[in-house]
Amino acid sequence: MKITRIQVYQVDLPLEHPYWLSGGRLKFDVLDATLVRVETDTGLTGWGEGTPWGHTYVPAHGPGIRAGIQTMAPFVIGLDPRRVLEVERAMDQALPGHHYAKSPIDMACWDIAGQAANLPIADLMGGGSRTPRPIASSVGAKTVEETRTVIERYRQRGYVAHSVKIGGDVARDIARIRDVEAMRRDGEIILYDVNRGWSRQQALRVMSATQDLDVMFEQPCETLDDIAAICGKHAAPVSVDESLVTLQDATRIARDGIAEVFGIKLNRVGGLTKAARMRDVALAHGIDMFVMATGGSVLADTEALHLAATIPDAHCHAVWACQDMITVDIADGRGPRNVHGHLHLPEAPGLGVHPDEDALGPPVAVYA
Ligand code: MG
């Protein structure tokens, strides 16, 4: 089997509610999605997606994905997409770094490999749990009152897991954490996601002021050095999200005990092939995981679900999915959808969901 053609599509995915990140990062209201259709000489076709969470979140942006694919496509065409490691090496050789640009092609190759093997991707990767995964909501950086309102809105949609965005103002963060904890229900999973918004002193002040609570923080400071510097000075479990980009990051976090949880975002780390190694490092070091689509359509959500299904149930807290936050549905209701706040692994071979090509418009690039 050989890859014969790669078609690239660009789609705007408007957010239902405009979004603010912590630390003064820009408000944004639309995601720039890149979809790829990878064709083979057998007639099998795979789909992949790369959708950064706005352009100011991490060093990844929509046009960068499409430029990266332009650079990598000549090195990928002609390869067997079932040999995902060969495709990975070809992309790494053609374009060192820029992992976020590689995830759509990696995803499409896994989709084809699954279809060829007649297995869902999670089973092809070694076995997928059928335990439904809780979807984590994303509660933007807001006031105490707005935080309550947004959590209630997600609860009405069945959500039992919430990623509450904090960071930037110590007093307001402490007030919001205490308020959310007071309204927390039994069994509800709440992650306080700082999105790099605290300096070291701010992190220690909030973490000290809330140490009577059983709470977990994500990415409290900008860098791994910052998180490492404070990790012996507080008692709260920490998840690393934005600073987990490479396998070397994962091994450093694990070996040095910098965090207790990985937040694996598939687009950022370069797709399933690279993320699976991080999963194994985590499991070997007693580190639990959140698996997240960086953003995007149900395709990105489904990719995250496949990886989440390969993690033992007890070590996978939730998946973060974006489908309930955007107002355009490129797959017309198909694929894993929110059912009482959970996603169920699709049983169809490969990814298990493809977009409506009519919803994508004409390709913005075709490589053959
Ligand atoms: Mg996060």
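Going through 287, 311, 326 one at a time, which residue ends up being closer than 18 Å to residue 127 by Cα and of a type in the set (Val, Ile, Thr)?
311
Read through the list (1) assigned by TED's automatic domain parsing to the domain that holds residue 310; (2) in a helix (DSSP H, G or I), then give the number of the only condition that residue 137 fails.
(2)
Which residues, counting only those in region 209-241, are of a type outside the set (A, V, I, L, M), farther than 19 Å from residue 315 by Cα and out of contact with any strand residue (DSSP E or B) (no Cβ under 8 Å at 6 or more places or on another chain)?
210, 211, 212, 222, 223, 225, 226, 232, 233, 234 - these are the residues of region 209-241 that are of a type outside the set (A, V, I, L, M), farther than 19 Å from residue 315 by Cα and out of contact with any strand residue (DSSP E or B) (no Cβ under 8 Å at 6 or more places or on another chain).
Any chance region 112-129 includes a residue that's in contact (Cβ under 8 Å) with a residue 40 or more places away in the chain, surrounded by 17 or more Cβ atoms within 10 Å (Cβ to Cβ), of a type in the set (Ser, Thr, Tyr) and out of contact with any Leu (no Cβ under 7 Å at 6 or more places or on another chain)?
No, that holds for no residue.
Among the residues of region 20-30, is there at least one that is crowded, with 18+ Cβ neighbours inside 10 Å, assigned to a helix (DSSP H, G or I) and hydrophobic (A, V, I, L, M, F, W, C)?
no
Considering (1) closer than 30 Å to residue 198 by Cβ; (2) open to solvent by less than 20 Å² (accessible area, probe 1.4 Å); (3) more than 16 Å from the ligand (Cβ to nearest atom), say which one residue 326 fails and leave the rest.
For residue 326, the exception is condition (2).
Select, from 244, 266, 283, the only residue that is open to solvent by 40 Å² or more (accessible area, probe 1.4 Å), of a type in the set (A, V, I, L, M) and in the same structural domain as residue 136 (by TED's automatic domain parsing).
283
Which residue, of 224, 204, is open to solvent by 10 Å² or more (accessible area, probe 1.4 Å), under 30 Å from residue 106 (Cβ atoms) and touching a residue at least 12 places away in the same chain (Cβ under 8 Å)?
224
Among the residues of region 272-319, what is the count of those that are within 20 Å of residue 189 (Cα to Cα) and of a type in the set (Asp, Glu)?
3
Does residue 304 meet the test of being closer than 23 Å to residue 114 by Cα, within 16 Å of the ligand (Cβ to nearest atom) and crowded, with 16+ Cβ neighbours inside 10 Å?
Judged against the criteria, residue 304 is a match.
Do we find that residue 79 is part of a loop (DSSP other than H, G, I, E, B), outside the structural domain of residue 315 (by TED's automatic domain parsing) and among the hydrophobic types (A, V, I, L, M, F, W, C) in this structure?
yes
Any chance region 182-200 includes a residue that's more than 16 Å from the ligand (Cβ to nearest atom), among the acidic types (Asp, Glu) and open to solvent by less than 70 Å² (accessible area, probe 1.4 Å)?
yes
The values are calculated or read from the model by the stated rules, or taken from the named source; none is laboratory data. None of these values were measured; they are calculated from a predicted model. Heads up, the Cβs are rebuilt from the backbone with ideal geometry, glycines too, and the neighbour counts pull from every protein chain shown. Note: areas computed on protein heavy atoms with side chains; ligands, DNA, RNA excluded. Shrake-Rupley method; radii C 1.70, N 1.55, O 1.52, S 1.80 Å.
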